[in-house]
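The values are calculated or read from the model by the stated rules, or taken from the named source; none is laboratory data. What you see is a predicted model; the values in this text were computed from it and never measured. Every residue, glycine among them, receives a Cβ derived from its backbone with ideal geometry; neighbour counts consider all protein chains shown.
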Amino acid sequence: MTEVVPASGTVHWVGAGLSTGSGLAALCDTADRVRLWHRTEERAERALAARGLTGRAEPRAYSLAALAAELGPGDVVVSMLPAPDHAPLLGACVAARAHFACSSYVSDAVLERVPAAEAAGVTVLTEAGLDPGIDHLFAHSLIARASEAIGPRTAASYTLTSYCGGVPAEPDDFTYRFSWAPAGVLNALRAPARYIEDGAETTAARPYTATRPHVIDGETFEAYPNRDSVPFVAQYGLPAAWKPRTFVRGTLRLGGWRTAWAPVFTELERDDDRRIAALAEELAARYPTTESDRDRVVLAVSLDVHAGSGESWSGRYLLDLTGTAEESAMARLVSRPLALGVGHILDGSLPAGLSRGAETGERSERWLGELAEDGVEFTLRTS
C-alpha cells in the first residue's frame, strides 16, 4: 500500500453554492489555512461575509489553472462544483500530490484517475455528503449490527431501503422547493432506475412510475427508486449468505407529489430536450425559494433480516431536520459530513486511493458519533 502524502493543513474549498454550509466554518476551525475559490474574488469575499467568515478564509477567483498554481503537496481540494468538473480537478491534485474530496457519486472519469492518485499517495474522498454520504454511514452501521446479531454466514433474506428527500418544511401546492438546479431535477426523473424487488432485478425506465407510499412515524411520503441501486449490494459488503428480497435506494417526496407533478410528467414523456429546459426555467420562476422558506430533509434507512431458522433482526435510522434562517438543512447535511471527512484527511487517518465516505461498520460508527457531537441529530431503532 502506497504511503499517503502527509496533509499540509491547507484546504481549498472550490465553489460556494447552495450546499456550502457550516462545514466550511468547521474547517476554518480545524485547518491551518482555508481558501475559498469562487467565480470572482469579489463573489468569494461576499460569500465569506455572508457566512461570518471574513478574515478566516482567503478569497480567490477560480480557474483550474489558478488553483493548480497554488496547490502544494498535502493540500486538500474540496470540490463543490458539478460532477463533470471533478475529474479535471482530481487530475490537478494528482499532479501536485494534493488530496481531493467531494460529496458526489464517483464518476467513471474520476475512477480512471484513482490508480494514479493512489500511486501518488493521494486520498480521493467521495460520496461524503448527505445522499450519498450519511446514508452510507447508516447502511454500514445497520449491516454490521445485523451481522453481529444474525451471523454473516447464516442463510437469510433481507430488505434494505434507503430513502432521502429535500422537501419544503411548509408544504405548498407543488409539494416541492428546488434545492438544486431545476434542470437537474427534471433530467434525473428521465434517467432509468435499477433496483431489486421480490428478489429480482427490476428497472423503471422513468423512476416516478415506480412511486410507492412510504410511511415514516405515521407520516405518509411518496418514494421512488433513484439511479442504480444494485452495485451498492457489493459496495455495502452485505454477507454472501444473505439474499436480497428488496434493495432500493431512492428519493422521498411529500404525499400528493405525483398528483401535483402530473403536468410535469406529461412534459417529460415527450422527451423534448428544448421544451424540458424551458420547463425548468418556468418552474423555477413559478416556485421560487425565498428567504422566508425553510427546507426539510428526511433520510430513512431500514434493514430487516430474516434467517431460515426463524430468527430476525430489524433496524432503522431516521434523520429529520428543518432548516433555519442561518442555514438550510440541505447545506448543513451536505457540508458537515464532508468537512468531517476532510478532517480525517487532515489527521492522516484515510489511506491513499479511493474512499467512499466511511466504508466499514466500525468507521461508520465513529463518524456517526462525531456527527452527533457536531449537532447532527438522528435516531436509531432496533429490534
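The table below lists the values:
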read-out: Condition met for T10 (modelled with pLDDT under 95, out of contact with any His (no Cβ under 6 Å at 6 or more places or on another chain) and crowded, with 20+ Cβ neighbours inside 10 Å); value: no
read-out: Residue count, the range 290-308 (criterion: loosely packed, with under 15 Cβ neighbours inside 10 Å and among the β-branched types (V, I, T)); value: 1
read-out: Selection from the range 75-115 of residues that are out of contact with any His (no Cβ under 7 Å at 6 or more places or on another chain), assigned to a loop (DSSP other than H, G, I, E, B) and surrounded by fewer than 19 Cβ atoms within 10 Å (Cβ to Cβ); value: L81, P82, R97, Y105, V106
read-out: Unmet criterion (only one of (1) charged (D, E, K, R); (2) under 18 Å from G166 (Cα atoms); (3) without any contact (Cβ under 8 Å) to a residue 40 or more places away in the chain) for R194; value: (2)
read-out: Qualifying residue in the range 271-285 (condition: surrounded by 15 or more Cβ atoms within 10 Å (Cβ to Cβ), out of contact with any Leu (no Cβ under 9 Å at 6 or more places or on another chain) and in the same structural domain as P192 (by TED's automatic domain parsing)); value: yes
read-out: Residue satisfying condition, being buried (at least 22 other Cβ atoms within 10 Å of the Cβ), of a type outside the set (A, V, I, L, M) and either within 13 Å of L130 (Cβ to Cβ) or outside the structural domain of C164 (by TED's automatic domain parsing) (or both), within set S355, S349, S335; value: S335
read-out: Helices (runs of 4 or more DSSP H) contained in the range 257-360 and holding at least 1 residues touching a residue at least 40 places away in the same chain (Cβ under 8 Å) and within 24 Å of the chain's Cα centre (by Cα); value: 257-260, 273-286, 329-346
read-out: Only one of G9, G15 that is under 22 Å from the mean Cα position of the chain (by Cα) and at positive phi; value: G15
read-out: All positions within the range 59-74 that are among the aliphatic types (A, V, I, L, M) and either outside the structural domain of D32 (by TED's automatic domain parsing) or part of a strand (DSSP E or B) (or both); value: A61
